[in-house]
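We did not get these values from a lab; they are worked out from the coordinates using the rules stated. The model shown is predicted, which means the values in this text are computed figures rather than measured ones. Every residue, glycine among them, receives a Cβ derived from its backbone with ideal geometry; neighbour counts consider all protein chains shown.
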Amino acid sequence: MSTFSNTVAWPVNPARVSLKSVSGAITELVLIGLAIGLPIIAHALAWPVFALLPMHWTILLAGLVYGWKGGLLAGFSAPLISFAVTGMPMPFVLPMIVVEVSLYGAVSGLFSRKNAFFGLFAALIVGRVGFAATALLLGRVQGPLMGFIKNSFTAGVPAAFAQLLILPFIAGMVVSIMNKE
């Protein structure tokens, strides 16, 4: 069977890559590095970071490729390392982003076992709920509550649609290539 046909079938019954292998660990580190580097590039080019959500892409991908443990590792570590190195995300939103992308990684890995599209959809909802709940718990909501909730769930909708359409197939290619080694 060709690589393309394996990739197309992948979102329905996904395989995983082990973090225990050297190549698996290196690829996880590359995904974490991209989660740190892509927002830097987006900010430098004055791209609409809140619409593109550059960190989210590789965190969701880590969950799809490695399962919940790899997704959680990437989601928890990337914003903290990014903050330590660049000062971004800003301290005001750092706890919310850590919770949000940690949930993205863990949930995309956990619920994509049978269907990557469902796993991504669930992750995007649960991550946004985590962001909003953390903001509420920490008293970081500014303005009317309903406006905050609406903005929390509508920011990045174009990126979310693109992630749902693209990431399962990228993950399938990565898993196919990694599992051939």
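Packing, as the average of other Cβ atoms within 10 Å across residues, places the peptides 114-120, 161-167, 142-148 in the order 114-120, 161-167, 142-148, highest first. The relative contact order of the range 59-106 comes to 52 percent, based on Cα pairs under 8 Å that sit 6 or more residues apart.
Its relative contact order, with pairs defined as Cα atoms under 8 Å and 6+ residues apart, puts the chain at 28 percent. Against the longest principal axis of the chain, how steep is helix 116-137, in degrees 0 to 90 to the nearest 10, with axes from Cα atoms? Taking Cα atoms only, the helix is inclined about 20 degrees. Between the helical axis of 94-111 and the dominant principal axis of the chain, each derived from Cα atoms, what acute angle in degrees is found, rounded to the nearest 10? With rounding to tens, the tilt is 30 degrees.
Output the peptides 72-82, 32-42 sorted from most to least packed, where packing is the average of other Cβ atoms within 10 Å over each peptide's residues.
72-82, 32-42
Rounded to the nearest 20, the size of the Cβ-charge dipole of the chain about its Cα centre is 300 debye, with Lys and Arg at +1 and Asp and Glu at -1. Relative to the dominant Cα principal axis of the chain, helix 22-44 is inclined by about 40°.
The C-alpha radius of gyration of the chain, expressed as a fraction of 2.2 N^0.38 Å, stands at 1.01.
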